[in-house]
Amino acid sequence: MNALGCRKPKVECKMKNRRLGFSIFCLTLLLSILAGCQQKMGEQPMYKPYEPTTFFTDGRSNRPLELGVVHRAQHLDADPLVTGLTGEEWKRFWKRNDAPVEATAKTSDEDREHAYGAPRYDPRSDKKYSNAAKIYVTEFPFAITGADLSRGAQRFTAYCAVCHGPLGNGKGKIWERGYLKPTSFHTEKVEDHEPDEFGQIRRGISRGYWKWDIEIPMRDVPVGYYFEVITKGYGAMGDYAAQIPPADRWRIIAYIRALQLSQRADVASLPEDVRKKLNAGGQHP
């Protein structure tokens, strides 16, 4: 055995080593050629996220999307499923003078566009959009099934009950710990121990509409208004657009409607099988 570990004659070992060296050389040459074979796309100027540039006048390399651009599987901006607005209101909203909104600045009563956090509702009869039905949709954008209600109950418990309470009466853990008094979805008490005073606003009255001097019970507020509040937040309530998909927001609203109906439903209007269950339940001690 020689120094190269070859048991064969030296001539054969040398030839083997030459072939090995030639193979390595060819492989190295091939890799170097492949490394130089790039498409021009790989050599074009590029920017990292949020990297500044002098090419555009605003100095940003990230370009804002044009109005109407949607990504794959995204709903159109005008779809009530993702707005809660009527088509008429959506068109009016996008045609408005989109001036910057200063959250802490005082706005006049006539400026409903920039009344920060208020619903897009103007009670003055001389205004074109003083009718709530022209602003918010009053029906759900898809049929609500029993499965949808169950999903809505689950999402309500996860995201809403901590403030509004499991029964929607404002008796959540936030209130129990002495913080704010969340809105009740009912105009009457559901339990004995629940918030008594809601400041200047009566129990179960929409705080958003109250801003426009309108007392409207939460059970009578259009479902589209609920959707916008969940999406954008209102008052001390933050927005939940990132946490709750649009379809689940509608399911939560459907469950809230079910909670409201449970306190005011006419037993005679219930299906016969449901009435039998209620009557059977009432006979037990």
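Quick note: the coordinates plus some simple rules give every number you see, no bench work behind them. In this text the structure is predicted, and so the values were computed from the model without any measurement. A quick note on method: Cβ atoms are made from the backbone with ideal geometry, for glycine too, and the neighbour counts reach across all protein chains shown.
Some values worked out for this structure:
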item: Violating pairs (Cα-Cα greater than 27 angstrom) within the set 91/171; 48/232; 134/173; 171/211; 189/211; result: 91/171; 48/232; 134/173
item: Added length on full extension, which subtracts the Cα-Cα distance from 0.36 nm per residue, residue 154 to residue 75; result: 26.0 nm
item: Cα pair distances exceeding 24 angstrom across segment 146-264, given as percent; result: 18 percent
item: Residue 187-residue 201 pseudo-label distance in nm [points 7 Å out on the Cα-to-Cβ vector]; result: 1.6 nm
item: Assigned charges on the beta-carbon of Lys, Arg, Asp, Glu; segment 146-264 dipole about Cα centre (debye); result: 240 debye
item: Calculated SAXS-style log₁₀ I(q)/I(0) at q = 0.14 Å⁻¹ - segment 201-285, Debye, Cα scatterers; result: -0.65
item: Sites residue 25 and residue 48 - FRET efficiency at Förster radius 35 Å, r taken between beta-carbons, to 0.05; result: 0.35
item: Relative contact order for segment 152-257, counting Cα pairs under 8 Å that sit 6 or more residues apart, in percent; result: 24 percent
